[in-house]
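Have a look at the structure below before the remarks.
The values are calculated or read from the model by the stated rules, or taken from the named source; none is laboratory data. The structure presented is a predicted model; accordingly, all values stated were derived computationally and were not measured. FYI the Cβ positions are ideal-geometry reconstructions off the backbone, even for glycines, and counts take in every protein chain you see. The protein model used for the area step is the full one, side chains on, heavy atoms only, and it has no ligands, DNA or RNA in it. Shrake-Rupley method; radii C 1.70, N 1.55, O 1.52, S 1.80 Å.
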Amino acid sequence: MPSPHASQPAMIDPFGRSITYLRVSVTDRCDFRCTYCMAEDMAFLPKKDLLSLEEIDRLVTVFVDKGVRKIRLTGGEPLVRKNVMHLIRRLSRHLDSGAMDELTLTTNGSQLARLAGELADCGIRRINVSLDTLDREKFRAITRWGDLDRVMAGIDAAQAAGIAIKLNAVALKDFNEREIPDLLRFAHGRSMDLTVIETMPMGEIEADRTDQYLPLSLLRASLERQFTLTDIPYRTGGPARYVHVAETGGKLGFITPMTHNFCESCNRVRLTCTGTLYMCLGQDDAADLRGPLRASPDDLLVSDAIDEAIGRKPKGHDFVIDRRSRRPAVARHMSVTGG
Ligand code: SAM
Ligand code: SF4
């Protein structure tokens, strides 16, 4: 549905999908180095290539004017970008005006204990927190140096501030596959939904992705030996398919890019911290918006560049973890576009 506040025609892609959801990676940097996401010695973007917070605000506002109703900030770790709260506070004006329905973020939780109150104050009502294990040692190993207690304190602080949390766990063979029942009980016991995600072949990492890949169909079958799972039509506007878990009374989502094609209803595009717009998470085609943004103080050029890019949004991705080439499906890491 076009926004009643949008001052320009809605963005409709060549397959008739209305683009109402923008994910913004505000930084490619992170205080963790999750083994499935990043190499240990990641080369991050030079600071000079980054959009300033003012430029991100300007670009996002153009998207809101063009009908985007939901923004998710991600990264890298969005909350480690310097002065990110300044950006979040600026963006919250679109919630106050009714131009936007939701401002949210995906975070590793490391900074939440410090920032949860301010986030709630900016109108953030729910967030996704990534948590792959409840075991301190395993947490340190998968994040390479993260502190589980700090993330737990962040979860406590966010809930105390009235922010609803959905936990995201990447399902990893031989790492957390047997721990998912515990994560499920923990999440539902604290009134959080849980979503499990298949690993996607994005960017070179040290590990072999065919060793990490756990098809969620197998995970679901194993969970069904302990829990009663019933498919439900619940949707959050994302690609997860949900089940209700009778024993815990909560919801469990499955994101299955590798085994299930969720592209038909895709309503989103992704902006990187250098102003590159990716029309699909699983494809390399992209449009530069930084050039047109900087070329003119009015937003006409950038608005045209967005229209042109949406006109090229592909039908879908074709991720495959290729056992022979063992190369990632797309060269960039997940931290560039933020999942
Ligand atoms: N740093 C934040 C966090 O971890 O929540 C936001 C960015 S992170 C790239 C977003 C999500 O992508 C996280 O839930 C993470 O687990 C997931 N992710 C990272 N690399 C992935 C991969 N190769 N396959 C599937 N999910 C991945
Ligand atoms: Fe950082 Fe998130 Fe990637 Fe982990 S998944 S390295 S927390 S960006």
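Would you work out what percent of the accessible area of the chain, with all protein chains in place, is carbon or sulfur (probe 1.4 Å)?
Carbon-and-sulfur percentage of accessible area, whole number: 51.
Suppose every K and R has +1 on its Cβ and every D and E has -1 on its Cβ; what is the size of the dipole of the range 21-337 about the Cα centre, in Debye to the nearest 20? Write down the numbers at each step before the final one.
Values: 46 positive and 45 negative charges, 38 e Å.
Magnitude of the dipole: close to 180 debye.
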Whole-Hz couplings from phi, Karplus 6.51/-1.76/1.60, listed for the range 240-251; x for Gly and Pro: 5, 9, 9, 10, 9, 9, 4, 5, 10, x, x, 10
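Net charge around L229, counting only other residues with Cβ within less than 13 Å of its Cβ (Lys, Arg = +1; Asp, Glu = -1)?
Details: positive: R220, R225, R241, K251; negative: E224, D231, E247.
Spelling it out: positives minus negatives among the neighbours equals +1.
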Within the set S25, S217, S130, GNM on the chain using Cα springs under 10 Å gives the largest fluctuation to S217
From a point 7 Å beyond the Cα of R114 in the direction of its Cβ, which residues of the range 33-73 have a backbone N at a distance under 18 Å? 33
Once you list every other residue whose beta carbon is under 14 Å from the beta carbon of R90, what net charge do they have if Lys and Arg are +1 and Asp and Glu are -1? -2
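With contacts defined as alpha carbon pairs under 8 Å and 6 or more residues apart, what's the relative contact order of the range 1-148 in percent? Present the calculation step by step, with values, prior to reporting the outcome.
Details: 213 pairs, mean separation 41.4, N = 148.
That works out to 28 percent.
Of the listed pairs K70/K315; K66/K251; K138/K166; K138/K251; K47/K251; K70/K313, which have alpha-carbon separations greater than 29 Å here? It would help to have the intermediate numbers written out before the result.
Values: K70/K315 21 Å; K66/K251 33 Å; K138/K166 21 Å; K138/K251 25 Å; K47/K251 40 Å; K70/K313 18 Å.
Pairs exceeding 29 Å: K66/K251; K47/K251.
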Rank D298, D288, D101 by mean-square fluctuation in a GNM of the chain with C-alpha springs under 10 angstrom and give only the top-ranked residue. D298
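Between D135 and D298, 0.36 nm times their residue separation minus their Cα-Cα distance comes to what? All intermediate terms of the calculation are to be shown ahead of the outcome.
On the way: separation 163, 0.36 × 163 = 58.68 nm, distance 5.12 nm.
Taking 0.36 nm per residue and subtracting the Cα distance, the gain is 53.6 nm.
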Dipole check, the chain, charges on Cβ (K,R +1; D,E -1), about Cα centroid: among V170, G189, S52 the Cα furthest to the positive pole belongs to G189
Say a paramagnetic label sat at a point 7 Å from the Cα of A160, along Cα to Cβ; which residues of the range 175-213 have their backbone N under 20 Å from it? 187, 189-192
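Any idea what the relative contact order of the range 240-291 is, in percent, if you count C-alpha pairs under 8 Å spaced at least 6 apart? Spell out each step's value before the answer.
Working: 52 pairs, mean separation 10.0, N = 52.
Taking the mean separation of contacting Cα pairs over the length of the range 240-291, I get 19 percent.
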Over the Cα atoms of the range 21-337, Rg to Rh with Kirkwood Rh, two decimal places? 0.94
With N residues in the range 59-194, what two-decimal value do you get for its Cα radius of gyration over 2.2 N^0.38 Å? 1.11
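Put F227, F15 in order of accessible area, largest first, 1.4 Å probe: what do you get? Before the final figure, lay out the partial values.
On the way: F227 10, F15 105 Å².
Descending accessible area places them as F15, F227.
Where Lys and Arg each count +1 and Asp and Glu each count -1, what net charge lies around A295 among other residues with Cβ under 15 Å from its Cβ? Spell out each step's value before the answer.
Details: positive: R58, R290, R294; negative: E55, D288, D298, D299, D304, E308.
Surrounding charge for A295 is -3.
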Compare the peptides 197-203, 136-142, 40-46 by average per-residue count of other Cβ atoms within 10 angstrom and give them in order, highest first. 197-203, 136-142, 40-46
When the chain is treated as a GNM, springs tying every alpha-carbon pair under 10 Å, which of T61, T107, T20 comes out with the largest mean-square fluctuation? T61
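So how much slack lies between K47 and R125, counting 0.36 nm per residue of separation and subtracting their Cα-Cα distance, in nm? Working shown, then result.
Numbers: separation 78, 0.36 × 78 = 28.08 nm, distance 3.06 nm.
Full-extension gain reported as 25.0 nm.
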Over the chain, what is the relative contact order in percent, taking alpha-carbon pairs closer than 8 angstrom and at least six residues apart? 22 percent
Could you report the accessible area of T276 in Å², rounded to 10, computed with a 1.4 Å probe on the protein chains as they sit in the structure? 30 Å²
Expected-Rg normalisation [2.2 N^0.38 Å, Cα atoms] applied to the range 1-127: 1.12
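Find the accessible area per residue for the range 21-337; the probe is 1.4 Å, ligands and nucleic acids are left out, and the unit is Å².
Each residue of the range 21-337 exposes 41 Å² on average to a 1.4 Å probe.
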How about the chain: what cysteines have no other cysteine beta carbon under 4.7 Å from their own? C30, C122, C263, C266, C273, C280
